[in-house]
Amino acid sequence: MPFTAAEIARHVDGKVLGDGSVNLTGFAATDNCQPGDLTFAENETYFARADASPASAVLVGDGFMSAKKVLIRVANARLAFAKVLPLFFPPSKVAPGVHSSAVVADSAQIDSSAHIGPHCVIGERVRIGPETVLAGGNHIGADCQLGREVHLFPCVTLYPHSQLGDRITIHAGTVIGSDGFGYVLDQGRHRKMPQIGNVIIHDDVEIGANVTIDRGALGSTIIGKGAKIDNLVQIGHNVVVGEHCILVSQVGIAGSSKLGNYVTLAGQVGLAGHLKIGEKATVAAQAGVMNDIPPGEKWLGTPAKPDGQMKRIYISQQHLPDLLRRVSELEKRLKERPPKL
């Protein structure tokens with residue numbers, strides 16, 4: 001469906017510079033766009049490419065001008081990009097109903113507007129809310145609750161008693177509520193500690209592919225409202241992830257750690273168990289965290305330390321070869337000095 005530049009501008013609270021009546025039929029990157037497309041630029045390098053491209057209009061921030069292109073000026077070009085893209089590429093719709101190959105317990109309650117795809121298994125006393133989509137091959141354990149507009153991609157598994165709020169998206173292969181990793185040594189053998197808790201996921205969470213979130217040993221593992229979890233993340237039992245946290249790919253969080261709101265863990269960060277990560281703290285990629293982190297701080301390295309301290313350590317490490325050489329020269333001179341009589 002085409003939109004005029006003026007219609008796009010109204011959608012993103014922007015201002016048109018040029019012909020607001022120009023029709024825009026698609027959205028594309030500068031390296032593969034064509035006439036009729038809208039593209040975006042958030043810095044001088046990208047704008048130069050956009051201005052030289054075949055695109056008919058460009059989403060830009062303040063300070064950009066063009067003699068060739070219609071511009072839609074906005075406060076934040078990347079945010080406007082996120083708002084506009086669904087206009088040209090709306091999510092696919094699925095018909096409500098239960099596929100004939102699905103296995104649904106008699107005691108399950110499924111809203112009439114929900115979509116249950118092929119080969120799904122719905123356990124006893126499960127409740128599935130309006131406009132929720134189970135794409136196919138999903139296993140929903142007994143007593144699970146799914147709210148409104150939940151979307152489970154293929155082969156997502158929910159263990160029993162998992163609770164999902166509204167507008168939650170979980171991508172393929174993710175497992176919610178698997179056993180926590182709890183054992184105690186008993187006469188030379190590892191005895192399993194029963195894991196009898198559950199997982200609670202609050203509204204507006206998105207979880208990537210092949211994520212594992214363990215249920216609580218006692219009580220709940222909790223994912224806060226608005227959190228975004230990338231692919232291949234492992235969250236241990238009784239972890240609490242605060243609201244609007246960002247967990248990037250391959251993060252691992254050991255049991256009973258607690259993250260405040262708006263925490264960011266970059267790729268491959270590892271957290272030891274029973275830690276407290278303060279609100280708005282940031283941990284850099286591949287850091288290994290062994291201590292609590294106060295609110296608002298940025299830590300990096302292994303073992304992780306505050307960024308200022310760790311940067312000084314990194315700089316010192318760069319001088320180690322020269323320091324070793326100088327020490328070696330001093331030792332050689334001392335050996336060559338004649339002994340005192």
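The values are calculated or read from the model by the stated rules, or taken from the named source; none is laboratory data. This one's a predicted model, so the numbers in the text were calculated from it and none came from an experiment. Note that we place each Cβ from the backbone using ideal geometry, even for glycine, and neighbour counts take in every protein chain shown. The area values use the complete protein model at the heavy-atom level, side chains included, leaving out ligands, DNA and RNA. Shrake-Rupley method; radii C 1.70, N 1.55, O 1.52, S 1.80 Å.
Look at segment 19-54 and say how many of its residues are within 13 Å of Phe81 (Cβ to Cβ), among the polar types (S, T, N, Q) and assigned to a strand (DSSP E or B).
The number of residues fulfilling the criteria is 1.
Search segment 24-46 for residues that are under 17 Å from Ile8 (Cα atoms) and pair each with any residue that is among the polar types (S, T, N, Q) and open to solvent by 80 Å² or more (accessible area, probe 1.4 Å) when their beta-carbon atoms are under 6 Å apart and the residues are at least 6 apart or on different chains.
Listed pairs, sorted by first residue: Gly36/Thr25.
Can you pull out the residues in segment 61-91 that are of a type in the set (A, V, I, L, M), out of contact with any Phe, Trp or Tyr (no Cβ under 9 Å at 6 or more places or on another chain) and either part of a helix (DSSP H, G or I) or open to solvent by 60 Å² or more (accessible area, probe 1.4 Å) (or both)?
If the condition is that a residue be of a type in the set (A, V, I, L, M), out of contact with any Phe, Trp or Tyr (no Cβ under 9 Å at 6 or more places or on another chain) and either part of a helix (DSSP H, G or I) or open to solvent by 60 Å² or more (accessible area, probe 1.4 Å) (or both), then Met65, Ala67, Ala75, Leu79, Ala82 are the ones that fit.
From Ala108, Ala5, which residue is farther than 30 Å from Ala142 by Cβ and hydrophobic (A, V, I, L, M, F, W, C)?
Just one listed residue meets the conditions, Ala5.
In segment 92-124, what residues are crowded, with 17+ Cβ neighbours inside 10 Å and of a type in the set (Lys, Arg)?
Once the filter is applied, which keeps residues that are crowded, with 17+ Cβ neighbours inside 10 Å and of a type in the set (Lys, Arg), segment 92-124 yields nothing.
Scan segment 165-180 and report the pairs whose first residue is in a loop (DSSP other than H, G, I, E, B) and whose second residue is crowded, with 18+ Cβ neighbours inside 10 Å and polar (S, T, N, Q), with Cβ atoms within less than 7 Å and a gap of 6+ or a chain change.
From segment 165-180, the pairs are Asp179/Gln195; Gly180/Gln195.
Confirm whether Gln234 is farther than 26 Å from Val150 by Cα, open to solvent by 50 Å² or more (accessible area, probe 1.4 Å) and either among the small types (Gly, Ala, Ser) or out of contact with any His (no Cβ under 7 Å at 6 or more places or on another chain) (or both).
No: the conditions fail for Gln234.
Which ones in segment 262-284 are under 14 Å from the mean Cα position of the chain (by Cα) and part of a loop (DSSP other than H, G, I, E, B)?
Matches in segment 262-284: Tyr262, Val263, Ala266, Gly267, Gln268, Val269.
If only one of Ser101, Ser113 is under 29 Å from Ile128 (Cα atoms), assigned to a loop (DSSP other than H, G, I, E, B), over 31 Å from the mean Cα position of the chain (by Cα) and in contact (Cβ under 8 Å) with a residue 12 or more places away in the chain, which one is it?
Criteria check complete, one pass: Ser101.
I'd like to check something: does segment 301-318 contain any residue that is under 22 Å from Phe181 (Cα atoms), surrounded by 15 or more Cβ atoms within 10 Å (Cβ to Cβ) and not β-branched (Val, Ile, Thr)?
no
Give the residue, chosen from Val16, Val58, that is in a strand (DSSP E or B), open to solvent by 20 Å² or more (accessible area, probe 1.4 Å) and within 24 Å of Pro90 (Cα to Cα).
Residue meeting the stated conditions: Val16.
For Lys258, which of the numbered conditions (1) touching a residue at least 40 places away in the same chain (Cβ under 8 Å); (2) farther than 23 Å from Cys144 by Cα; (3) in contact with a Lys or Arg (Cβ under 6 Å, 6 or more places away or on another chain) fails to hold?
(1)
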